[in-house]
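Please read the structure below before turning to the comments.
The values are calculated or read from the model by the stated rules, or taken from the named source; none is laboratory data. Keep in mind the model is a prediction, meaning the values are calculated, not measured. Positions of Cβ are generated from backbone atoms using ideal geometry, with glycine treated the same way; all protein chains shown enter the neighbour counts.
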Amino acid sequence: MLTGTIPASSPERIFTTGRFGVDWFNHVERNLKGFTPFLNFGAANGTVNRYYMPRPYSMARPYQTLGFMADFEGGAHYQIRPGFKIGASAYALVPGGPQTVFSRLVAPGSSVAGDYDHNRYFYHGFQTISQTYLDQDEDKPRLGSEISRDNGFSGWLEISKGHNVTLLIGYTRSVHYAYDALNVGLNFNATSLIKYLTTPRR
């Protein structure tokens with residue numbers, strides 16, 4: 001699946017990269033009597049928000065990035081009863097080339113900022129650029145893509161009892177950033193509604 005995003009405004013006005021986003025997403029799975037192992041992999045020009053098959057680790061991400069990003073996720077989910085699924089997975093974000101990190105926690109121009117512990121650049125400032133960022137332990141710019149790298153694992157409960165409505169409750173542990181996040185998402189599939197509205201009637 002190929003997804004494109006359009007920026008609503010500049011990075012300074014809203015929590016965004018202010019750039020067009022492109023994401024190529026692939027999903028492979030096999031159903032083994034209710035137990036379904038899967039593999040997700042793709043590439044993008046940053047951490048683009050996905051609205052098709054959203055992942056817990058991306059829904060709760062406290063930052064966005066700009067720069068080439070490959071992503072991998074492997075895991076499985078199990079249907080414990082009709083309409084109820086539990087799942088778990090491990091993920092990795094593998095950046096390449098120059099990167100820019102935009103925080104969702106620190107406002108543009110804010111004088112209130114945190115520290116760099118566990119590579120949490122999104123705690124220290126709204127925007128961090130890999131070529132110009134000075135490492136806290138070195139007196140030279142940190143080059144490369146390390147400021148955007150991440151890996152960890154997720155677990156979730158998925159409830160889909162309503163018509164075209166899915167509730168997702170997820171937990172994510174970022175090992176790289178030593179960061180924990182809990183998220184709740186409500187997804188509505190409008191495909192059937194669109195088909196109903198666009199189908200000719202006599």
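Okay, here's what the table says:
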read-out: Close pairs from segment 27-48: first touching a residue at least 24 places away in the same chain (Cβ under 8 Å) and within 30 Å of residue 99 (Cα to Cα), partner surrounded by fewer than 16 Cβ atoms within 10 Å (Cβ to Cβ) and among the acidic types (Asp, Glu), Cβ under 6 Å, at least 6 apart; value: 38/29
read-out: Within segment 1-33, considering residues that are surrounded by 16 or more Cβ atoms within 10 Å (Cβ to Cβ) and in a strand (DSSP E or B), the one modelled with the lowest pLDDT; value: 5
read-out: Qualifying residue in segment 44-56 (condition: over 26 Å from residue 123 (Cα atoms), modelled with pLDDT of 85 or more and in contact with an Asp or Glu (Cβ under 7 Å, 6 or more places away or on another chain)); value: no
read-out: Top-ranked residue in segment 126-149 [being surrounded by 20 or more Cβ atoms within 10 Å (Cβ to Cβ) and not in a strand (DSSP E or B); ranked as modelled with the highest pLDDT]; value: 148
read-out: Residue within segment 41-58 that is under 13 Å from the mean Cα position of the chain (by Cα), surrounded by fewer than 21 Cβ atoms within 10 Å (Cβ to Cβ) and farther than 30 Å from residue 191 by Cα present; value: no
read-out: Unmet criterion (only one of (1) touching a Leu at 6+ places or on another chain (Cβ under 8 Å); (2) in contact (Cβ under 8 Å) with a residue 12 or more places away in the chain; (3) within 27 Å of residue 157 (Cβ to Cβ)) for residue 93; value: (1)
read-out: Selected residue (criterion: modelled with the lowest pLDDT) from residues of segment 150-187 that are more than 30 Å from residue 94 (Cα to Cα) and surrounded by 10 or more Cβ atoms within 10 Å (Cβ to Cβ); value: 162
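The rows are residues; the columns are (1) in contact with a Gly (Cβ under 7 Å, 6 or more places away or on another chain); (2) among the polar types (S, T, N, Q); (3) within 16 Å of residue 92 (Cα to Cα).
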position	(1), (2), (3)
26	yes, yes, yes
33	no, no, no
36	no, yes, no
42	no, no, yes
51	no, no, no
59	yes, no, yes
73	no, no, yes
77	yes, no, no
